[in-house]
Every structure is written in C-alpha cells, then in structure tokens.
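The values are calculated or read from the model by the stated rules, or taken from the named source; none is laboratory data. Keep in mind the model is a prediction, meaning the values are calculated, not measured. All Cβ positions, even for glycine, are placed from backbone atoms using ideal geometry, and neighbour counts span all protein chains on display.
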Amino acid sequence: MHHFQYRDGYLFAEDVDITALADEIGTPFYVYSEATLRRHIRVFQKAFASSNALVAYAVKANSNLAVLKVLASEGAGADVVSGGELQRALKAGVAPEKIVFSGVAKTADEINAALDAGIYQLNVESEPELERIAQIAQARGIAAPIALRVNPDIAAGGHEKISTGKSEDKFGIAWSDARALYAKAGAMPGISVKGVDVHIGSQIADLAPFEAAFQKVTTLIADLRADGCAIERLDLGGGLGISYGEGEAPPHPDAYARMIRRVTEPLDVRLIFEPGRMIAGNAGILVSRVIYVKVGEKRRFLIIDAGMNDLMRPALYDAWHDIWPVANRDAPTTIYDVVGPVCESSDCFAKERTLPELRDGDLIAIMSAGAYGASQTSEYNSRPLIPEVLVSGDAHAIIRKRPSFDEMIAGEVTPAWLD
C-alpha cells in the first residue's frame with residue numbers, strides 16, 4: 001500500500017499535488033510519503049510484536065536523514081554497512097543499542113567507530129574480519145558483541161545480483177566452516193559471541209527459500225549450543241519483496257511472521273530483522289518530465305529528463321517499475337521505450353511499455369522508487385544529484401536540495417602547474 005493516488009485526474013502524494021511540486025522544484029526529483037513509511041514500519045513491527053524482536057531498518061535502502069528520523073521516531077533500529085551509514089543512523093536519533101553493523105569489509109576505523117558508539121552487534125563476514133575485531137577490542141580492553149554471518153548455500157532473490165546466500169556469493173562464512181569458527185571465536189579475547197546471522201538475498205517473493213535457510217540455521221544453533229556456545233540472538237536479515245507492478249504479490253509480513261514463529265519459537269532467541277525495501281520501496285516515486293518524443297525506425301522513444309544515474313535499478317538489475325502519467329487524461333495508448341539522456345544504451349527505464357500517449361513537457365512518475373533509488377545515485381555525465389522531497393499530509397519539505405554546478409565540483413582541485 002502507498003499514499004500516491006489520482007484526484008480529478010492528477011497525481012497526488014498524500015495531499016500534495018505532484019504537478020505543483022514539479023513547477024516549484026523542477027524535475028527530476030524524488031518524493032517520499034511519510035504516511036507510507038510509518039504504515040510500513042508499523043505493519044512489520046506489529047507482525048513481530050509478541051517476539052521482542054529488533055527491527056533494524058536497512059539504511060542502504062534509503063539513507064536520507066529525514067527518512068531515518070521518521071523511522072527512528074517509530075522505534076526502528078538500523079542495519080548499517082559502512083561508517084557513513086553508522087553516522088547517519090546516530091545523527092538521525094537511532095539508539096546505539098538498536099544498531100547492527102553488517103557488510104563484508106569493515107575497516108579498523110569502522111570497527112572502532114562501532115565500538116565507540118556501543119552498538120548492539122557486529123555481524124562478522126569472514127575469519128580475517130573476526131581476527132581484526134578481536135585485536136581492536138582486546139586492545140581497548142572490551143569484548144565486541146558479534147554474530148557470525150553464515151552462508152546457507154540457498155538460492156533466492158529476484159536477480160542474480162541481489163542473491164547473497166549461495167556458496168559462490170561473497171557474503172558470509174561457508175556453512176562447512178561455521179562450527180569451527182564459532183569455537184575459535186568463543187575462545188578469543190575481545191570477542192563476545194551473541195548470535196547467528198543469515199541473509200539470503202533481496203526482493204524474495206516466496207517464503208520457501210526463507211524457510212529452508214531458517215530451518216538450516218536452527219540445526220546449526222542446536223549444534224553450537226551442544227558445543228557449549230551460548231547463542232541468544234538470531235539475525236534473519238531482510239529480503240522480503242514488494243510489488244513493483246506486473247501483478248506481483250509478495251508475502252504479507254504477517255505470513256512471514258507466522259512462518260518464522262513456527263521455525264524459531266523452540267530456540268528461545270531474540271530475533272533481529274533488517275527490512276529495507278519493504279519499508280521504503282513503495283513509499284517513494286521518481287518524478288520526471290518528457291523532453292522529447294522521438295519516432296525511430298523501429299521504436300518510439302519517450303525521452304525523459306531522469307537518467308540511469310538518478311535511478312540505477314533498471315540498468316543494473318533489469319528491474320521493472322510501473323510508470324504513471326502525472327496527468328491521467330483520457331488518451332489513446334502507445335508503446336514506448338522510456339529512456340533517459342545519459343550517454344549509455346543501458347539508460348533505459350522500460351522497453352516496449354504501453355502507456356497513454358504523452359507529449360513533450362508531460363510529467364511521469366516512476367513508481368516504487370523509494371528504495372535503492374536515491375541511495376544509488378551518481379553524478380555520471382556531470383549531472384547533479386536530484387532533490388528529495390518528503391510529504392506529510394498537505395505539507396512538503398525538500399530534504400536534499402539540487403546542487404548547482406559550482407557546488408557539484410567544489411571538492412575538485414586542479415594542481416598549480418595546470419593554472
């Protein structure tokens with residue numbers, strides 16, 4: 001569910017007119033609905049209300065400070081994968097005891113920052129990382145709370161580039177090595193073993209791979225406890241899919257929760273979840289303006305002012321996003337390739353998409369762009385980052401401004417010999 005709807009033929013975000021917003025701000029830009037963000041985090045939290053679970057929002061999905069503040073005000077924690085994301089979470093008011101630090105390559109500076117902050121848990125991805133954390137924590141005279149991320153070798157995810165739980169993926173500890181590494185960790189000064197972590201991928205639309213992975217982990221926990229390792233936490237990651245269109249119907253969080261309770265209740269562990277896309281995905285749209293309608297020899301192109309640097313998902317993952325006209329007038333349909341201005345053939349948002357006939361200057365909304373949209377943007381082709389806007393009822397605020405060209409290049413310096 002989201003709060004983007006038509007009123008008298010024009011698209012609104014909650015009570016804010018998208019057309020008026022485009023006239024005020026200029027295109028392209030992102031719009032997020034605060035009501036949708038709050039509804040989604042509440043639905044997920046309610047599904048696990050009886051479990052004393054930690055819901056740690058995956059900051060990588062959408063890391064804007066205003067978005068993080070909204071979720072922090074709902075009691076959400078944060079799953080971070082870099083020192084920068086850790087700083088964002090803390091600045092947004094997320095309590096350190098609700099922060100978990102994931103990611104495959106934590107640096108010494110990042111480990112120290114996590115320990116300085118007193119976060120809840122470091123999710124360890126390799127034996128060398130475990131050794132580095134132990135060395136740093138021991139030198140500080142403390143014990144770092146950790147879980148080892150285990151790789152269950154289970155395929156899942158809507159695209160190979162967002163699958164993280166197969167044996168050939170870079171993530172996690174090999175299943176066959178897990179018990180030995182837990183035994184090593186338990187004997188290391190500077191390490192306090194707290195739990196097990198598993199995450200198998202993203203945009204998963206079927207509960208079966210989740211259940212297979214989680215069942216496998218319950219067996220591991222039983223083995224670890226038999227080895228004398230006290231496991232008190234189980235981090236089940238994120239990955240629950242959303243509907244991007246095309247008739248997708250991913251599982252509801254309630255169904256997900258029922259499956260997890262069935263699998264994990266005998267373990268008596270505190271559950272940790274890292275939802276990102278499920279919270280932010282359908283809470284945001286990308287608004288763009290048609291620059292030209294180009295009739296080619298074999299295709300009709302709708303050329304818009306947003307590019308792949310503004311929304312990478314279609315180019316990176318062949319991802320589908322529904323596309324809505326902002327003015328929903330009665331018009332015949334036409335088949336378009338919807339493309340941007342970036343000098344790459346991959347700068348394409350949709351191929352052979354049936355849409356109402358559109359003209360130069362018309363506005364479109366690329367739906368379900370709240371996750372992995374703005375957080376993946378770049379300045380490729382020297383295109384400035386685009387604004388982000390948060391709406392709440394009939395109010396709106398620019399929560400990231402569009403930089404000028406001079407602001408975009410302010411950090412660049414030419415050496416004296418070139419002057």
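Worth a mention:
- So P332, is it out of contact with any Phe, Trp or Tyr (no Cβ under 8 Å at 6 or more places or on another chain), surrounded by fewer than 20 Cβ atoms within 10 Å (Cβ to Cβ), touching a residue at least 24 places away in the same chain (Cβ under 8 Å) and not assigned by TED's automatic domain parsing to the domain that holds P387: no
- Some residue of the stretch 261-268 being in a strand (DSSP E or B) and either outside the structural domain of S192 (by TED's automatic domain parsing) or surrounded by 14 or more Cβ atoms within 10 Å (Cβ to Cβ) (or both): no
- Taking the stretch 345-360 as the range and being over 21 Å from A315 (Cβ atoms), without any contact (Cβ under 8 Å) to a residue 60 or more places away in the chain and in a loop (DSSP other than H, G, I, E, B) as the test, only E357 passes.
- For the stretch 151-199, filtered to residues that are of a type in the set (D, E, K, R) and in a loop (DSSP other than H, G, I, E, B), the residue that is modelled with the highest pLDDT is D153.
- Considering residues of the stretch 228-247 that are touching a residue at least 40 places away in the same chain (Cβ under 8 Å) and exposed (fewer than 13 other Cβ atoms within 10 Å of the Cβ) only, the residue farthest from G103 (Cα to Cα): E246
- Any hit, the stretch 22-36, residues being without any contact (Cβ under 8 Å) to a residue 60 or more places away in the chain and farther than 25 Å from F273 by Cα: yes
- Figure legend. Inter-residue proximity from the stretch 74-96: first residues touching a residue at least 60 places away in the same chain (Cβ under 8 Å), second residues surrounded by 24 or more Cβ atoms within 10 Å (Cβ to Cβ) and of a type in the set (S, T, N, Q), beta-carbon distance below 7 Å, spacing 6+ or different chains. Indicated pairs: D79/S102.
- Looking across the stretch 400-419 at every residue that is among the charged types (D, E, K, R) and farther than 17 Å from N381 by Cα, the one that is surrounded by the most Cβ atoms within 10 Å (Cβ to Cβ) is identified as R400.
- Number of the condition not met by A49 [criteria: (1) over 24 Å from V31 (Cα atoms); (2) touching a residue at least 12 places away in the same chain (Cβ under 8 Å); (3) among the hydrophobic types (A, V, I, L, M, F, W, C); (4) not assigned by TED's automatic domain parsing to the domain that holds G237]: (2)
- Whichever residue in the stretch 91-112 is touching a Phe, Trp or Tyr at 6+ places or on another chain (Cβ under 9 Å) and in a helix (DSSP H, G or I) and, among such residues, is farthest from P145 (Cα to Cα): E110
- Only residues that are within 28 Å of the chain's Cα centre (by Cα) and hydrophobic (A, V, I, L, M, F, W, C) were counted in the stretch 173-195, giving 5.
- Residues (within 26 Å of the chain's Cα centre (by Cα) and either in a helix (DSSP H, G or I) or free of Cβ contacts under 8 Å to residues at least 12 places away in the same chain (or both)) located in the stretch 275-299: R277, M278, I279, A280, G281, N282, A283
- Qualifying residue in the stretch 306-321 (condition: polar (S, T, N, Q) and either within 27 Å of I399 (Cα to Cα) or crowded, with 19+ Cβ neighbours inside 10 Å (or both)): yes
- Those residues of the stretch 321-331 which are part of a loop (DSSP other than H, G, I, E, B) and modelled with pLDDT of 95 or more, in sequence order: H321, D322, V326
- Wholly enclosed strands (runs of 3 or more DSSP E) of the stretch 1-90 bearing at least 1 residues among the basic types (K, R) and touching a helix residue (DSSP H, G or I) at 6+ places or on another chain (Cβ under 8 Å): none
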